[in-house]
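Report on one structure; see the data block that follows.
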Amino acid sequence: MNLIEYGEPVKVTWGNDLLDALRVESRRWKGILGLSDEPFLIQYVGQDKHSIKAQGVTGFIQVGPLSIEVQPKFLASTMQPTWRRALWQILTAVEEQPEIGALTRAGIVQKEESFSDLLGWILLDSLRRGRLEGFPRGYVETRDSLPVFRGSLDLGRVSELITRPYLVPCVYDVFCEDTPTNRLFRWSANYLSHLVRSAQLSRMLSDEAAAFVEVGSLPPGVVEAEHITLPVQYQHLSPALQVARLLLRRQSLQHQQDEYHAPSFLWKSSDVFEKFVGYLLYQLFDSHQVLYVDSPAQVLAYGEKNKIFTYPDYRVRDVKRTHMVLDAKYKVWRKRARQPLAEDVYQMMAAGRVNNCGDVYLVYPCLTAGRKLPLTWRVRGEGQPLKVTALFIDLLEMGGASGEETLLNALKEDILKKKGPS
């Protein structure tokens, strides 16, 4: 089943077992992601039918034989596979902070039937390159009883010398492929082979997992996986490492696996959007020597005993002053009024006042395909800010090979070019 975040509900005729299982998963993911509401709204609509609506999340969830894919609101302007590639690029930017680079071959072709299939093709493409160009090897500590002394004596097993004096318990290092990196690759290939819709892809991923003959099946811990780095000669495995870490992070959030708790991965959409806006700003400004981006808590007002704080998402400043304040808003744009919510404007006016900044921006996802120009309003009265501007980011551009460059150029034009009031 495919759902669009905050889109029209889909009617189903499922049995109570599946519906109850989905309710359990919905409550569980609400807690995992810290959502204010459950991500899946289930309502009875009569004639043994129920409706299911997704809200606040994007990703893939599987409950028993049921699989649900949720397309995020900020990529809902098309039903083409482009949105899946765009989401992947956004997630890697948010979670991995990669350098700007080209998509892998799997990210360009129109193969993917679901988001899990897209991840599967990217992983498969990268691992196959690893078969041709090599996988990283390393030294692994091994404990064994040997006829000759090697490494150091295993003091915890010295008593074995009494019964087997011809074997010496040793601790030594072996140079092999059973490294944390390769264990992560084997686990992720096997993990995705059970999630993808394509039977061909599932079989090929299983074959890749089985090809790691001398590698353990258990993945490294999340902390260890986060510290994995690939030497220069193994950069062809970078896409595989990104997919594998992404899957391991999601899997680590789930604490139970049974008949109704199959592997799933969901993200809180508002967090993804807010972090990606920050990523674009850091790319745009932190490469300069003069301007930089920060996200501080600031005192809005104070009394004798306490203070009131404001929390702008991002400030662009130099050592002397703040040039602009931006806040990412994952809210429904008021299409008829063509204006932001009043409380959002109040928030930005306060941020402009505190920072003595004339330009403040509200950043929204563009819900229609194509470029949408900024809208600007003059603020009445004395003091800062002088104007409030609404920016719109077409995240669907991230589905293309030069999507990030396109967004950065558009953002540069929107916030660095002076505009008058709308």
Review point. Is there a residue being in contact with a Ser or Thr (Cβ under 8 Å, 6 or more places away or on another chain), crowded, with 17+ Cβ neighbours inside 10 Å and of a type outside the set (Val, Ile, Thr) anywhere in the range 131-150?
Key: yes
**Study point:** strands (runs of 3 or more DSSP E) enclosed by the range 293-361 - at least 1 residues per element that are without any contact (Cβ under 8 Å) to a residue 24 or more places away in the chain
**Key:** 298-302, 307-310
Review point. Can you name the number of the only condition in (1) within 19 Å of the chain's Cα centre (by Cα); (2) at pLDDT below 90; (3) not in a helix (DSSP H, G or I) that VAL70 fails?
Key: (2)
Review point. Take the residues of the range 268-297 that are of a type in the set (S, T, N, Q) and exposed (fewer than 15 other Cβ atoms within 10 Å of the Cβ): which is nearest to MET398 (Cα to Cα)?
Key: SER287
Exercise for review: Return only the number of the condition from (1) over 19 Å from the mean Cα position of the chain (by Cα); (2) closer than 21 Å to LEU118 by Cβ that TYR234 does not satisfy.
Suggested key: (2)
Review point. Going by the conditions given, is THR13 modelled with pLDDT of 90 or more and closer than 22 Å to LEU407 by Cβ?
Key: no
Practice item. Quick one: which helices (runs of 4 or more DSSP H) lie wholly within the range 154-273 and hold at least 2 residues that are among the hydrophobic types (A, V, I, L, M, F, W, C) and at pLDDT 90 or above? Key: 180-193, 199-211, 238-252
Check your understanding: Which one of these does SER193 not meet: (1) surrounded by 12 or more Cβ atoms within 10 Å (Cβ to Cβ); (2) of a type in the set (Ser, Thr, Tyr); (3) free of Cβ contacts under 8 Å to residues at least 24 places away in the same chain?
Key -> (3)
Review point. Name the residues in the range 131-153 that are outside any strand (DSSP E or B) and over 30 Å from MET204 (Cα atoms), would you?
Key: PRO147, VAL148, PHE149, ARG150, GLY151
**Study point:** Conditions (1) among the β-branched types (Val, Ile, Thr); (2) modelled with pLDDT under 90; (3) closer than 24 Å to SER270 by Cα; (4) out of contact with any strand residue (DSSP E or B) (no Cβ under 6 Å at 6 or more places or on another chain): number failed by ILE61
**Key:** (4)
Practice item. Give the range 142-170 a look and list any residue that's hydrophobic (A, V, I, L, M, F, W, C) and in contact with a strand residue (DSSP E or B) (Cβ under 6 Å, 6 or more places away or on another chain), or say none. Key: LEU146, PHE149, LEU167, VAL168, CYS170
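The values are calculated or read from the model by the stated rules, or taken from the named source; none is laboratory data. These numbers were taken from a predicted model, which means no experiment stands behind them. For neighbour counting, all protein chains shown are included, and Cβ atoms are generated from backbone atoms with ideal geometry for every residue, glycine included.
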